[in-house]
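The values are calculated or read from the model by the stated rules, or taken from the named source; none is laboratory data. Computed from a predicted model, the values in this text were never measured in an experiment. All Cβ positions, even for glycine, are placed from backbone atoms using ideal geometry, and neighbour counts span all protein chains on display.
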Ligand code: AKB
């Protein structure tokens, strides 16, 4: 493998934390530059190069690209669905202006490849809800969804017009134990495990029967690395690919958790995130990703639940909970 230097923008979030670890394993810690608006204190972030960077600060982006000359960028910094609804103007600025700044810096500094995640939030109330296909009606009605839809159009545009090798997938809700979820509508599916282990109960902010598409984090990281390492000609869709793992409702997830923690109790108090969830698909069809670059998920719902509990239980046991 020729010498690669990777820059991750927004490295300390739910995806970034796990992606940084995987990319360090792949390219060597010294060759993976993490960056975020803040630097966490934990030892992991002290191990490799780290830059404190706001993606809206174009001078800082230029400084970092000049310093490290990255060959690949993973641009993850964004406001997620629930947070962007609370601050729509900032949602647009961070998600769109940030993307344009990264596009332009990538072109200026000759970055070979750019990854930018889209989301199932690109779909809306008039999208087919079941097995949502790659190409269909897309009428997102959240700020986050509108920015992801617009971003997808621009990814394709920059690839076709300027030859920038941008690759993207539409993440469903992501579940992992290494980092907290932050600001999304699907966050309940992470919080529920922590609360079940800590307190034996969880109050869910979505209704019991809200079905949403989800993916376990090891599969999300695999999909991200698979698409970014696929031959350019195999990445035929340059907006963003549907990818799918499994779907469940809060009620069905709680039933699975009860198999491991029999006394677990769930209650429901839907909040404004319910409206967002109701506008999204219930399940996703991902035939193009499977055909074009060999995407395949390893985890189903049962395997995900077992693995989450296996990895989180010792953490709470060691804290005396
Ligand atoms: C969110 O809930 O906002 C995200 C997403 C589905 O993109 N997890």
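Here are the numbers:
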quantity	calculated
Of all residues in the stretch 182-194 being surrounded by fewer than 18 Cβ atoms within 10 Å (Cβ to Cβ) and assigned to a helix (DSSP H, G or I), the one that is nearest to the ligand (Cβ to nearest atom)	191
Helices (runs of 4 or more DSSP H) completely within the stretch 5-101 that count 1 or more residues being touching a strand residue (DSSP E or B) at 6+ places or on another chain (Cβ under 7 Å) and crowded, with 19+ Cβ neighbours inside 10 Å	14-27, 58-68
Filtered residues of the stretch 127-145 (kept if touching a helix residue (DSSP H, G or I) at 6+ places or on another chain (Cβ under 8 Å) and within 22 Å of residue 83 (Cα to Cα))	138, 140, 142, 143, 144, 145
In the stretch 143-173, residue nearest to residue 233 (Cα to Cα) [restricted to those that are within 13 Å of the ligand (Cβ to nearest atom) and assigned to a strand (DSSP E or B)]	169
Some residue of the stretch 209-221 being more than 19 Å from residue 299 (Cβ to Cβ), away from the ligand (no atom under 15 Å from the Cβ) and part of a helix (DSSP H, G or I)	no
Residues located in the stretch 195-208, provided they are within 16 Å of the ligand (Cβ to nearest atom) and either outside the structural domain of residue 314 (by TED's automatic domain parsing) or outside any strand (DSSP E or B) (or both)	205, 206, 207
Of residues in the stretch 267-296 being more than 16 Å from the ligand (Cβ to nearest atom) and surrounded by 20 or more Cβ atoms within 10 Å (Cβ to Cβ), the one farthest from residue 183 (Cα to Cα)	293
Members of the stretch 118-132 that are buried (at least 18 other Cβ atoms within 10 Å of the Cβ) and assigned to a loop (DSSP other than H, G, I, E, B)	123, 124, 127
Per-region count, the stretch 99-124, residues away from the ligand (no atom under 16 Å from the Cβ) and at negative phi	14
Pair list, Cβ < 7 Å and 6+ apart or interchain, from the stretch 109-126 residues that are under 18 Å from residue 85 (Cβ atoms) to residues that are more than 16 Å from the ligand (Cβ to nearest atom) and assigned to a loop (DSSP other than H, G, I, E, B)	124/139; 125/139
Test result for residue 109, in contact with a strand residue (DSSP E or B) (Cβ under 9 Å, 6 or more places away or on another chain) and farther than 29 Å from residue 279 by Cβ	no
